[in-house]
Amino acid sequence: MSTNTTDDKRKVTTLRFKQMKERGEKIAMLTAYDFSIAQLVDEAGVDAILVGDSAANVMAGYPSTLPITLDQMIYHAASVVRGVKRALVVCDMPFGTVQVSPKEAVANAVRIMKETGAEAVKIEGGSEVRECIERIIAAGIPVMGHLGLTPQSINQFGSYGLRAKSDAEAQKLRDDAMMLQEIGCFGLVLEKIPAGLASEVSKSLSIPTIGIGAGSGTDGQVLVMQDMLGINRGFSPKFLRRYADLGDRIVEAVGNYVSDVKAVDFPNADEQY
Ligand code: KIV
């Protein structure tokens, strides 16, 4: 494992996303939901920050992503944008903000762009949300698609297991991916699908694919920050690599603080006025 930070300080744009794919340069994306962590993640050199609706899980403690509201996503995304200098900031459109009608979808995407300063939105789904995505792109808003395990559909799927295992579902994913490229999406998240399928789809597209649990053949990778830093300690799917055990470190540090306070060892003479 390296501690690589990039020397390229130029702002990442949706255009540069495409150029990175053309150059064969892998895209590193991570989620963030607040100002302080966004600053650190940006400084470390990620190319893109996703203000994911996974905030519902890791920030708010809900069992699914469904409850998070547009206002809450706007609060998270605006906080992240204030901490970022280089990375492209993409904000998830939460459940219910796209599906009702194309008119409402555009109005909700416009709110995200105006009120957060994010540079793109991400939308789950394929042919079912085609018209909404077309209208949002026509309004000048870059859209990242999201296929495979789309957590907003958990009640239809019934589990967070691997998607596109059947020939029919794999073929729909291929068709949806091509359609999303054709209508103008600048990138596509592929979540928890077989590595071979993700690699095949990635090769068939000119827009970059960003994988999570989709193997190494995608054009980039995304992970949820709390998962990869070991803060979300109960979550350890096969695809997750833990880059730190911050959860354990936080418990240890806070435990030491509690002991010091109880023992009247904190603050000491140097730590007071
Ligand atoms: O909400 C999220 O964090 C996501 C990623 C898992 C891709 O959609």
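Worth pointing out:
- Summing +1 for each Lys or Arg and -1 for each Asp or Glu among the other residues whose beta-carbon sits under 10 angstrom from that of Arg233 gives -2.
- Under the convention that each Lys and Arg Cβ holds +1 and each Asp and Glu Cβ holds -1, the size of the dipole of the chain around its Cα centre is about 600 debye.
- Given charges at Cβ of Lys, Arg, Asp, Glu: the chain dipole, positive-most of Tyr160, Val41, Thr218: Thr218
- A cut-off of 5 Å between modelled amide H atoms, ignoring neighbours fewer than 5 places along the same chain, links Leu88 with Val12, Ala48, Ile49.
- Take each peptide in 261-273, 36-48, count the other Cβ atoms within 10 Å of every residue, and average; sorted highest first, the result is 36-48, 261-273.
- The chain: relative contact order as a whole-number percent, Cα under 8 Å and 6+ apart: 15 percent
- Remark: the stretch 76-86, residue by residue, has Karplus-estimated 3J(HN,Hα) of 5, 5, 5, 5, 5, 4, 5, x, 10, 10, 10 Hz, where x stands for each Gly or Pro and the curve is 6.51 cos²θ - 1.76 cosθ + 1.60 at θ = phi - 60°.
- Counting Lys and Arg as +1 and Asp and Glu as -1 over every other residue whose Cβ lies under 10 Å from the Cβ of Pro194, the net charge comes to +2.
- For the stretch 160-172, the Karplus equation 6.51 cos²θ - 1.76 cosθ + 1.60, evaluated at θ = phi - 60°, returns couplings of 8, x, 4, 9, 6, 7, 7, 4, 5, 5, 5, 5, 4 Hz by residue, with Gly and Pro reported as x.
- Among the protein heavy atoms, those of Lys172 account for about 80 Å² of accessible surface (1.4 Å probe, every chain in place).
- Here the extension length gained between Val254 and Lys172 equals 24.6 nm, from 0.36 nm per residue of separation less the Cα-Cα distance.
- Heavy atoms of Tyr243 accessible to a 1.4 Å probe, total area in Å² rounded to 10: 110 Å²
- Per-residue [θ]222 nm for the chain (sum of -39500 (n - 2.57) over DSSP H runs n ≥ 4, rounded to 500): -12000 deg cm²/dmol
- Tensor-based shape of the stretch 48-106 (alpha-carbon gyration tensor, a/c under 1.5 rounded, otherwise prolate or oblate): oblate
- Ala60 sits among other residues whose Cβ lies under 15 Å from its own Cβ, and their net charge, with Lys and Arg +1 and Asp and Glu -1, is -4.
- In order along the stretch 48-53, the phi-based Karplus estimate (6.51 cos²θ - 1.76 cosθ + 1.60, θ = phi - 60°) of 3J(HN,Hα) comes to 8, 10, 9, 7, x, 6 Hz; Gly and Pro are listed as x.
- The distance between label points at Thr13 and Arg233 comes to 4.5 nm (points 7 Å beyond Cα on the Cα→Cβ vector).
The values are calculated or read from the model by the stated rules, or taken from the named source; none is laboratory data. All of these numbers come straight from a predicted model, not from anything done at the bench. Cβ coordinates were reconstructed from backbone atoms using ideal geometry, including for glycine residues, and neighbour counts include every protein chain displayed. These area figures cover heavy atoms from the full protein model, side chains too; ligands, DNA and RNA do not enter into them. Shrake-Rupley method; radii C 1.70, N 1.55, O 1.52, S 1.80 Å.
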